[in-house]
1. Determine the gain in length on full extension of the stretch ARG165-GLU69; use 0.36 nm per residue of separation and subtract their C-alpha separation, reporting nm with one decimal.
2. Looking at the chain as a GNM with Cα springs under 10 Å, which of ALA214, ALA26, ALA176 has the largest mean-square fluctuation?
3. Mind ordering 7-13, 218-224, 124-130, 68-74 by average Cβ neighbours within 10 Å, highest first?
4. Suppose we look only past 20 Å in the calculated P(r) of the stretch 173-249. What percent of the Cα-Cα pairs does that tail hold?
5. How big is the stretch 100-155 in terms of Cα radius of gyration and Dmax, in angstroms?
6. Express the Stokes-Einstein translational diffusion coefficient of the stretch 98-205 in µm² s⁻¹, to the nearest whole number, given a Kirkwood radius over alpha-carbon pairs, 25 °C and a viscosity of 0.890 mPa s.
7. Of the peptides 43-55, 75-87, how do they stack up when ordered by the mean number of other Cβ atoms within 10 Å, highest first?
8. According to the Kirkwood expression over distinct Cα-Cα pairs, how big is the hydrodynamic radius of the chain, in Å?
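Just so it is clear, none of the values below were taken in a lab; they were calculated from the coordinates. These numbers come from a predicted model, not from an experiment. A quick note on method: Cβ atoms are made from the backbone with ideal geometry, for glycine too, and the neighbour counts reach across all protein chains shown.
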Amino acid sequence: MDKKPNIDFEEAKLALRKKDFSTAIAGIRAHAERGDIRAQILLGILLEDGEGVEADIVEAMKWYRKAAEQGNARAQSRLAQAFMNGDGLAQDYGEAMHWAKDAAVQHEKSALAQIGLMHERGYGVARSNLEAAKYYRLAAIGGGRFAQIKLWQFYWSGKGVPRNRKKSMKFVEMAALGGDFEAQRFLGFLELDSGILGAPPNRKRATKWLNMAAEQGDFVAQATLAGKYIDAPNGQKNYVLAYKWVRLALALWDDTWVECREYAFKDLDWLRQNMSLKKIEVAERLISAWVQKRLGDELSGTTSDRGSPECSGQPNRRFGIQAERETQ
């Protein structure tokens, strides 16, 4: 018989929050070995992420499987994702579908989205956009952002469903309100460019959506906001915010959207030539505050989206403001 834990599960979680990893891991592992589903899932997460313990994806999957075999939908969905992607397990689409279906019966939105993705791409089943749309719809109604994004794209292009821009906008707005930065950016661009469903462009709503994406670390939205604050009509210009967003954008920029990066450098050079040192100092303080908040969110796990079959990782990049190329 497994040894009785020295501390209860809540005390082990408290030790984890306090970074007392030796106490936390010992307690969590003891509860996991006695069949506590909560502890098995948490131990899997810690092993997968390497938090307080050496990362071991294979060992993590062992604990997810133990929880999954007890009927936990979250663990079943994670196991399905692992089999689908080959994360710590041999890739096996049959096993992926098995575990995803077990979780989907319990209305687990990530599992429904996984089944949709497997039908869309023909992973172990006949490729069918029609079947994919059916499962994406079930996941989207339950709040699954990945599925909402998929239905936005499906209805926009007529993939697996009749083309319907109104329904497409419904799902992209659901995703944006749920926190998806790409959906927020898309709505911001649409409001700036042509308006939504025949309505005229709306700068105020565009700024709202772009700001939501920018706050999550989307460098495209950040650079776009900076340009809009520079080019705004008199009375609406805000060089301090423009400086903040363009500096952050250039610090976060990866190897995509490269054709836009030079415009961002030009905006930064222009701001440095036309702003007082006092205003630049204010902007730099705003940058520092934003970085600290984002690092805090990242460490607390609030930027994570573990349940999605696929996640775009751009906004979760580490923040190296000093890495930004200085003016030439």
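1. Net length gain for the segment: 30.4 nm.
2. ALA26
3. Numbers: 7-13: 16.0, 218-224: 25.9, 124-130: 13.4, 68-74: 18.3.
The most tightly packed comes first, giving 218-224, 68-74, 7-13, 124-130.
4. Working: 764 of 2926 pairs.
Here the long-distance tail beyond 20 Å is 26 percent of all Cα pairs in the stretch 173-249.
5. Final numbers for Rg and Dmax: 9.9, 28 Å.
6. Details: Rh = 14.2 Å.
Value of D from the Cα-based Kirkwood radius: 172 µm²/s.
7. 75-87, 43-55
8. After inverting the pairwise mean of 1/r, the radius is 22.1 Å.
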